Ligand code: ADE
């Protein structure tokens, strides 16, 4: 997969040389190219921003450097990339979107500073390319570089051969499949005793069925505590008889449409 990032802070993308993404680059699985937007300015001060039409606070990124930069990046490769524009006004970045983007051969990221990029740039490339305006969460950062690091890591670890263990992202929280719609439960490793704390007995039992059931119950408990909205949204067809018992103990019951909602009572075990 090829990834291009156009930024006014190339050094901000240094973490892409480290760890999982760094190793994938070294192995040739990822071709990452970082570009300095100011290379496509022509004035003495390498100006990339200007005041907004209509007034208001902050500065807006000028269209000309972005246009020249993107034309150069597009001309340097085969075919058409997906253009990923980080912005708090975008669609939410989800595991599903990470999976979708991980199947593309070429992504170009355009992290902006200030109040964003002149709208005409998005329109211009939207006419020719698949452009995705994406937000990594409901908070406002100073720029799109940190979101690019977040998205690239989420995407890169899905590429074949990038994670050591191919199965290890199949039961990620939010991954499609058996544990879809549930958060992952707790994990433990050696030593068996640490500061007087032990390992849940069932994990030492060697009984795979019981372990799977315990893990799923833990996942329900954590989702109930941290993300009840995921249970409310879940397709109830995904819940078996034991799941329903667990949900009932946690204070959930199916409504008229079959979907689960919280009741007022919690059944004591
Ligand atoms: N730029 C600033 N805040 C952002 C966010 N939450 N997501 C994506 N890009 C951003």
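What order do you get for 209-215, 42-48 when each peptide is scored by the mean count of other beta carbon atoms within 10 Å, highest first?
Packing proxy ranking, top to bottom: 209-215, 42-48.
To the nearest ten degrees, helix 145-156 and the longest principal axis of the Cα atoms of the chain are 60 degrees apart.
Rounded to the nearest 10 degrees, the inclination of helix 63-75 to the longest alpha-carbon principal axis of the chain is 70 degrees. For region 63-145, the fraction of C-alpha pairs more than 15 angstrom apart is 58%. Among 147-153, 11-17, sorting by the average number of other beta carbon atoms lying within 10 angstrom of each residue, highest first, gives 147-153, 11-17. Divided by 2.2 N^0.38 Å, where N counts the residues, the Cα radius of gyration of region 4-90 comes to 1.28. Between 0 and 90 degrees, the angle of helix 208-226 with respect to the longest Cα principal axis of the chain falls at about 60 degrees. The mean sequence separation of alpha-carbon pairs under 8 Å and at least six residues apart, normalised by the residue count of region 143-266, gives a relative contact order of 16 percent. Global dimensions of the chain from alpha-carbon coordinates: Rg and Dmax equal 23.3, 72 Å. Entry note, the chain: the mean residue ellipticity at 222 nm calculated from DSSP H runs of n ≥ 4, each adding -39500 (n - 2.57), is -9000 deg cm²/dmol after division by the residues and rounding to the nearest 500. Over the Cα atoms of region 90-204, each weighted equally, I'd like the Debye log10 I(q)/I(0) at q = 0.23 Å⁻¹, rounded to two decimals. Values, matching the q order: -1.35.
Compute the Cα gyration tensor for region 71-115, then decide on rounded, prolate or oblate, letting a ≥ b ≥ c be the square roots of its eigenvalues: rounded whenever a/c is under 1.5, prolate when a/b is larger than b/c in the other cases, and oblate in all that remain. Here region 71-115 falls in the oblate category.
Read-outs throughout are calculated quantities, based only on the coordinates presented, and are distinct from any laboratory measurement. Here the structure is a predicted model, which means the values were calculated and not measured. Please note: Cβ atoms are built from the backbone with ideal geometry, for glycine as well, and neighbour counts cover all protein chains shown.
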